[in-house]
Amino acid sequence: MAETMGQTASSTRNTNAAIGILVLALAPQLFELVWSLGTIFGLGAGRGPAQVLLAHGGALLSAAPNAVFGSVAADAKKGFSSDVLLALIYSYPLFAVAIVTLFVKIRAPQDYIGGIVLMALALLALWASSDLQGMRGFSFGAGTAPRMFGVLLVGLGAGIAVTGLFTEGPGLAHYSWRGPLFVCAAIVFFALAIRPLGLVVSAFASFMIAALGTHETRWIEAVIVGACLTLGCALLFPYVLGLPMPMFPRFLIQ
């Protein structure tokens, strides 16, 4: 009976891990979908939610399988859209890992999941650099280094994940989502607000949102540090780096 309960618990853990990897495989598509919601309110530029759903849904369900099984042309990759490449390079490998996870015994969950996350980061880098120029002869192109390090990181992550299948190790430690949640929210807010609100307001507000990521924040110190960082950004980007960034909200300038 104890053995049966242990097998049930292991199966439940594997199912949860597989679901987590499945969500990770769709993370870029889900991020763009959330991002596209800002276009409804005029806070961002790019494709709308319906366009994002159709583009990524088509790439995942039809375009990518056709590209894999139906295309035999040597230069077929040149015609692939970015959405199809995202499915081929990033999502499909992680889908395969999620399926494998259901049928293996994970002896060191922390190593196994950590290795898969490293693989996901490497695959995302490979997709992001897929449209950059590679090597020509002995000369390095813009995409050579990202692809080289991406492949190395995929191998490293796979090695760590395999280690988690054959050696005993610690389980997944308790993880607080508050910090990453508010940091990601601050990044998304800055990206959406930089054009309509300007650098000064966006930078300060983003820092204060990120400060919500811990209950240990001292708000007087946070306001002072946020003001200093905002001043530094206001001097660095437009004047030192020469980047044409709006400084103040549109309604104040107009």
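The values are calculated or read from the model by the stated rules, or taken from the named source; none is laboratory data. All figures in this text were calculated on a predicted structure; none of them were measured in a lab. All Cβ positions, even for glycine, are placed from backbone atoms using ideal geometry, and neighbour counts span all protein chains on display. With ligands, DNA and RNA removed, areas are computed over all heavy atoms of the protein, side chains included. Shrake-Rupley method; radii C 1.70, N 1.55, O 1.52, S 1.80 Å.
Some observations on this one:
- In the range 77-107, the chymotrypsin sites (Phe, Trp or Tyr not before Pro) that fall in loop regions by DSSP, at most 14 other Cβ within 10 Å: Phe103
- Compared with the alpha-carbon gap, the fully stretched path from Phe251 to Thr214 is longer by 10.0 nm at 0.36 nm per residue.
- Percent RCO, i.e. relative contact order, over the range 146-254, from Cα pairs under 8 Å lying at least 6 residues apart: 28 percent
- Using a Förster distance of 25 Å, the FRET efficiency for Val183-Ile19 (Cβ separation, nearest 0.05): 0.60
- Rolling a 1.4 Å probe across all protein chains gives Trp219 an accessible area of roughly 110 Å².
- Accessible area of Ile19 in the full protein assembly, 1.4 Å probe (Å², nearest 10): 90 Å²
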